[in-house]
Ligand SMILES: Cc1cc2nc3c(=O)[nH]c(=O)nc-3n(C[C@H](O)[C@H](O)[C@H](O)COP(=O)(O)OP(=O)(O)OC[C@H]3O[C@@H](n4cnc5c(N)ncnc54)[C@H](O)[C@@H]3O)c2cc1C
Ligand SMILES: NC(=O)c1ccc[n+]([C@@H]2O[C@H](COP(=O)([O-])OP(=O)(O)OC[C@H]3O[C@@H](n4cnc5c(N)ncnc54)[C@H](OP(=O)(O)O)[C@@H]3O)[C@@H](O)[C@H]2O)c1
């Protein structure tokens, strides 16, 4: 399995990831990413202790409870606001802290749908365990017929893996709902860029995405509110899409044509991937694709709704991930702005968000008229509420109580996780230490409503179900940097800023810049204090 981001975009800004002979084009194998991360944690030492030495491996947090009285030293008398949190693990440990960062990921808890099952005997494997367990099945003579369920990137990887191992693969993608992955070509880009990643990482492309994270400016008005600008935007997206479709050659056989993305690439988010393995499309074209729902799993077969019975020696569930926070009490989850079952939402909250979102919807459509006319798509029923967190990280309801003791990281579905992780971490640290200048609670709630409504309109069903915004990562990172007062235009201005692709090294030094800004602020405040006390004493002298 290879990374979906190329070298240069799959690293933190301070340490480049080295190339490896095992890479495919610029995409590196998963274990190379693992080695990079392991070395990063061992070599980054803070207050005499490395990140690695701070990690409790093989430890699951089972409960997090809020203590409503602040810990000693964290109450208002110390000048630091906030509650204390009690974190309990499955190893029986209990830790108490005054600041808590939750970074449990949106692709770490497998989602396994339940199907009607009658004495089903073959092993069932979720994508999460693919890298660890698949080699055993690939070598096994007893496993000849592999069935893969799901139509997104993990399914592509599983199908590729088992076909490459010489297995027969039946691939089931549900007919209703599935948008299928829009697969970007690893090697092709319509203009002079090396690949789609580079194009999507330019400021110009970022401006061409109708995006709520950038302040309205002349570019926004031109690209999204004028006829000419909208024509340019559509033409650029369509050109990229044509290059992707051409590389895939979906019309080479019936199975391949079943894989053709239903949505134009412009509207895709989570369901965008990169053809990042050798001989990708030739391998994919060997799978037998079934566009159907599943009726039942019976004995050693999978029976489809259209009555086709498929023999099965191994069932691979590439069915995605659950975004849940089971360690919080329902009351805390609600107060923290996390998704909760819709039935559990209070009437007051439900009305409040409905009103805010109705207003937000008008604003979004005024800013981006194209979002009023999406292509037809299947909407999945929603069982849970949305995330109600500012910038994807902080709960306004906690802020209302003067509490900045908890923050969420990584609740973002993106193709360039490193860049987002780095900027979110600085934002989160600034927030937790009270060094971030936040808007009022009402402004934060309006911003959250705008973001939620925009994501649903921009990324349709995927945007409604998950905090995803694949084409807007550069704008999101820029917004966080602006919040922190850090320069977000990092290409040196002019045409470079518009046309040169951003890579992670462009963010080198942002932590130092933030520290410098803090020093200057502290100095300013000291000077103001000094001036204040000086004025006061001279006044006293006059009196
Ligand atoms: C197969 C795959 C390939 C990807 N390829 C790329 C790529 O090429 N480039 C890219 O930029 N992004 C890629 N992504 C996305 C990227 O992996 C994520 O965006 C990134 O890992 C997010 O990092 P995170 O730390 O927020 O979450 P995660 O990496 O998901 O880490 C969350 C951690 O929290 C732990 N955890 C969860 N619950 C608990 C609990 N209760 N107690 C204790 N620990 C807990 C999990 O075990 C896990 O270690 C890929 C994702 C997948 C699934
Ligand atoms: N090599 C890589 O870099 C790599 C590899 C894998 C994943 N990723 C990333 O990881 C993220 C998650 O991707 P993912 O593929 O693991 O998950 P995903 O995008 O959530 O896809 C889950 C798939 O399962 C289908 N599904 C869910 N429930 C189903 C059911 N009951 N019956 C049939 N089908 C069902 C979904 O169909 P619907 O569309 O109808 O919901 C969807 O096609 C993405 O950002 C992806 O880019 C990267």
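The values are calculated or read from the model by the stated rules, or taken from the named source; none is laboratory data. For clarity, every value in this text was computed on a predicted model and none was experimentally measured. Ideal geometry is used to build each Cβ from the backbone, glycine not excepted, and the neighbour counts take in all protein chains shown.
Here are the numbers for the structure shown:
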{"item": "Residue within the range 468-488 that is within 17 Å of residue 336 (Cα to Cα), touching a helix residue (DSSP H, G or I) at 6+ places or on another chain (Cβ under 6 Å), at pLDDT 95 or above and within 16 Å of ligand 1 (Cβ to nearest atom) present", "result": "no"}
{"item": "Qualifying residue in the range 446-468 (condition: free of Cβ contacts under 8 Å to residues at least 12 places away in the same chain and out of contact with any strand residue (DSSP E or B) (no Cβ under 8 Å at 6 or more places or on another chain))", "result": "yes"}
{"item": "Which numbered condition residue 389 fails, given (1) modelled with pLDDT of 95 or more; (2) farther than 23 Å from residue 485 by Cβ", "result": "(2)"}
{"item": "Search result, residues across the range 392-418 that are at pLDDT 90 or above, touching a helix residue (DSSP H, G or I) at 6+ places or on another chain (Cβ under 8 Å) and either within 15 Å of ligand 2 (Cβ to nearest atom) or at positive phi (or both)", "result": "392, 410, 418"}
{"item": "Number of the condition not met by residue 152 [criteria: (1) closer than 30 Å to residue 265 by Cβ; (2) exposed (fewer than 12 other Cβ atoms within 10 Å of the Cβ); (3) within 16 Å of ligand 1 (Cβ to nearest atom)]", "result": "(2)"}
{"item": "The lone exception for residue 426 - which of (1) over 16 Å from the mean Cα position of the chain (by Cα); (2) closer than 30 Å to residue 8 by Cα; (3) part of a loop (DSSP other than H, G, I, E, B) it fails", "result": "(3)"}
{"item": "Those residues of the range 27-56 which are in contact (Cβ under 8 Å) with a residue 24 or more places away in the chain, more than 13 Å from ligand 2 (Cβ to nearest atom) and within 22 Å of the chain's Cα centre (by Cα), in sequence order", "result": "36, 40"}
{"item": "Pair list, Cβ under 6 Å, 6 or more apart: the range 112-127 residue closer than 16 Å to residue 312 by Cα, other residue modelled with pLDDT under 95 and away from ligand 2 (no atom under 13 Å from the Cβ)", "result": "125/133"}
{"item": "Counted residues, the range 431-466 - those being farther than 15 Å from residue 398 by Cβ and under 21 Å from the mean Cα position of the chain (by Cα)", "result": "19"}
{"item": "Among the residues listed as 432, 438, the single one being farther than 30 Å from residue 231 by Cβ and either in contact with a helix residue (DSSP H, G or I) (Cβ under 9 Å, 6 or more places away or on another chain) or within 16 Å of ligand 2 (Cβ to nearest atom) (or both)", "result": "438"}
{"item": "Test: residue in the range 139-154 that is more than 22 Å from residue 321 (Cα to Cα), in contact with a helix residue (DSSP H, G or I) (Cβ under 7 Å, 6 or more places away or on another chain), more than 13 Å from ligand 2 (Cβ to nearest atom) and in contact (Cβ under 8 Å) with a residue 12 or more places away in the chain", "result": "yes"}
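Matching residues to (1) more than 21 Å from the chain's Cα centre (by Cα); (2) part of a helix (DSSP H, G or I):
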{"site": "337", "(1), (2)": "no, no"}
{"site": "343", "(1), (2)": "yes, yes"}
{"site": "350", "(1), (2)": "yes, yes"}
{"site": "355", "(1), (2)": "yes, yes"}
{"site": "364", "(1), (2)": "yes, yes"}
{"site": "377", "(1), (2)": "yes, no"}
{"site": "382", "(1), (2)": "no, no"}
